[in-house]
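The block underneath contains the structure these notes are about, expressed in structure tokens.
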Amino acid sequence: MSAMLLIEQALNGLQYGVMLFLMAAGLTLVFGVMGLINLAHGSLYMVGAFACAGVAAATGSFWLGLAASLAAAAAAGAIVELTVIRRLYARDHLDQVLATFALILVFSEGTRWLFGSFPLYLDIPAALAGPITLPGGIEYPLYRLVLIGIGLAVAAGLFWLIGATRLGVRIRAGEADREMIAALGVDISRLYTIVFALGAALAGLAGALVGALQSVQVGMGEPVLILAFVVIVIGGIGSIKGALVGAILVGLTDTLGRFLLPAAFGTFLPPSEATSIGAALASMLIYILMAAILVIRPGGLYGRV
Amino acid sequence: MNATKTLLAAAAALVTAGAALAEPVKVGMITTLSGGGASLGLDTRDGFMLAVKQANNPDLEVVIEDDQRKPDIAVQLADKMIQSDKVDVLTGIVWSNLAMAVVPAATAQGKFYLSTNAAPSALAGKGCNPNYFSVSYQNDNLHEAAGAYAATAGITKAFIMAPNYPAGKDSLTGFKRFYEGEVVGEVYTKLGQTDYAGEIAQIRASGADGVFIFLPGGMGISFVKQYADSGVGLPLIGPAFSFDQSIIQAMGDSALGVLNGANWSPDLDNAANATFVETFSAEYGRLPSVYASYGYDTANLLLSAMAKASVADADAFRAALKEADFDSVRGKFAFGPSNHPVQDLYVREVVRDGDILTNRIVGTAMEDRGNAYEGECKM
């Protein structure tokens, strides 16, 4: 095992982490500001990927597809908020879970109805295809480096939005005391729609960017959704900073665990048992991490207890 | 076109000849028509129903239900079909875990089960049953084909990878059974994993000269796209499940040149196959997959048995099934002692044909390969 392999794996973990952040950011905003558990967040990720694949196939341009994914996911988010989610703020979490679970089924079967059961084709844009050589001789796919860049840029943009703009002030105020900002004359329902659409657009962006690397198919959002929940629990619910740190922590733990654990077991077990046990333990690792963090800080890393 | 007419005429002749014996046969098809794995079930159903439509036999009735890829639903459907629909034959299950939930109970109640895909080792060895026929293969076969051919393809130091679940472990065992080279890396991934950057980095560092993967469905699409983009460029081989007609379109040019072990291919040269590929494409507007070919063969096997024996006489019907007296799209087809096929296994390569990607046969991996668990089957 060389240092180069370790650095490459760390980059992989970072890339995985920033993509998880795009998902988790929307989820944590919606939960923090509106107190809503949105299981259908993964469906918005799928909407982004399908919109990008559909437009890219029709026009031949990945970048138009990317723009379409942002627009489609934000529009889907806004429509869902106006028609369904709005009625759920006053209800308890169980009702929210039930209703948003129903939305998953509606989105999945609706997408199947529109696009069919077969996975769609979406490829990396030609300008970003293939590996480049990094200092130190590491060959690394250019597209993944660009993903890291986009993810970090979006994170910076979100910090600026929340920390330095009027909308950000309202979002923070909404998190702290929603009755009070409504009493101060802020149109709270419009704010909610904007926040929900913003979260949806981020999920759609993640879906489109990751869709170029994976299979664009119905149900692709749910596995990511579970990880995004782990991320926001680790980071502290409602905290964008927590979502970023949590996402990178989960990305690195998962990627390095999958690679290092089987190797570690290999030092004292026969290879086939080591890979099998190592792989099983690696898939539990992020949940072990979550449990450990909750023991030490029950509110998550940056959450209020 | 002439071949089509001849076959249709032959099918019609069979039907007429069988009419004297005919006892209506009711078939229950349980397959996956919604959810993530729906494309496999849809192909199975369409292949099966194409053969039923071509035979136009009024004595054959088919009930089709969607198992949603859930074992509990598959069991409920099987119970309903056996008890209220009074089916004689069950078929159609795609997934091994669903087959394990349904098949032993169905055969114990004296029903026939014809497998269009799943054929787990547990039903091929100790759990074999005279009423259970696998028309497709035994689960290990396509992995064995890849393993037997890998050395021929110049893969002497293989990096092998599969998801960490029973079929994944069977896959790597099947690959190693006839592989003559060295295994330099063996990795089990998480079931449903979508990002393989970590594994690809390990492949790059392993010193391997080829890669074997069993990553069915979306997992394979993700891996192949990421692998092509990584620039590792070592030859890739796997079973047909990972590189089948419905899947390779979503991989795009990343899949070109990938080798895969199979027992059927659209370019397999025989009259029945030419008819099948032509009529399937005309009927459904897409090329058939291996799953469609298994569905088609299963229906034709059933029709051949109906022409020879009445389903009311279970022993005679079983013997008629075992004769496998039908024109398989695989050309050669016979059942071994454990009711699993003895057949030639090929290696195919993904190629571009005009606008679409498809598979072409590049070589024969094994001839007359049967079931590895034959010895454990006592019946």
Inset, instruction - Report yes if some residue within the range A:178-198 is surrounded by 24 or more Cβ atoms within 10 Å (Cβ to Cβ) and within 14 Å of chain B (Cβ to nearest Cβ); otherwise report no. - result: no
Inset, instruction - May I ask you to verify whether A:ARG144 is of a type in the set (Lys, Arg) and more than 21 Å from B:ALA201 (Cβ to Cβ)? - result: no
Inset, instruction - For the range A:49-167, please list each of the helices (runs of 4 or more DSSP H) lying entirely inside it that holds at least 1 residues being under 30 Å from A:LEU6 (Cβ atoms). - result: A:142-164
Legend entry - Search result, residues across the range A:49-105 that are among the hydroxyl-bearing types (Ser, Thr, Tyr) and surrounded by 13 or more Cβ atoms within 10 Å (Cβ to Cβ): A:SER61, A:SER69, A:TYR89, A:THR100
Legend entry - Residue check, A:ALA208 under 20 Å from A:PHE50 (Cα atoms) and either modelled with pLDDT of 95 or more or more than 13 Å from chain B (Cβ to nearest Cβ) (or both): yes
Legend entry - Exclusive hit being among the basic types (Lys, Arg), within 15 Å of A:VAL30 (Cα to Cα) and out of contact with any strand residue (DSSP E or B) (no Cβ under 7 Å at 6 or more places or on another chain), set A:ARG144, A:ARG112, A:ARG166, A:ARG170: A:ARG170
Inset, instruction - Confirm whether B:LYS126 is basic (Lys, Arg), within 26 Å of A:SER276 (Cα to Cα) and in the same structural domain as B:GLY47 (by TED's automatic domain parsing). - result: yes
Legend entry - Pair list, Cβ under 8 Å, 6 or more apart: the range B:158-176 residue among the basic types (Lys, Arg), other residue surrounded by fewer than 24 Cβ atoms within 10 Å (Cβ to Cβ) and at pLDDT 85 or above: B:LYS176/B:VAL183
Inset, instruction - May I ask you to say which residue of A:LEU11, A:LEU6 is under 22 Å from A:LEU261 (Cα atoms), within 14 Å of chain B (Cβ to nearest Cβ), of a type outside the set (Phe, Trp, Tyr) and in contact with a strand residue (DSSP E or B) (Cβ under 7 Å, 6 or more places away or on another chain)? - result: A:LEU11
Inset, instruction - Report yes if some residue within the range A:296-305 is part of a helix (DSSP H, G or I) and either in contact with a strand residue (DSSP E or B) (Cβ under 9 Å, 6 or more places away or on another chain) or not β-branched (Val, Ile, Thr) (or both); otherwise report no. - result: no
Legend entry - From the options B:VAL75, B:VAL87, B:VAL103, B:VAL52, residue that is outside any helix (DSSP H, G or I) and at pLDDT 90 or above: B:VAL87
Inset, instruction - From B:SER289, B:SER265, B:SER281, grab the single residue that is more than 14 Å from chain A (Cβ to nearest Cβ) and surrounded by 24 or more Cβ atoms within 10 Å (Cβ to Cβ). - result: B:SER265
Legend entry - Selection status of A:GLY199, within 30 Å of B:ASP229 (Cβ to Cβ) and either more than 16 Å from the chain's Cα centre (by Cα) or among the aliphatic types (A, V, I, L, M) (or both): no
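The values are calculated or read from the model by the stated rules, or taken from the named source; none is laboratory data. All figures in this text were calculated on a predicted structure; none of them were measured in a lab. Cβ sites come from the backbone with ideal geometry, for glycine too, and all protein chains shown count toward neighbours.
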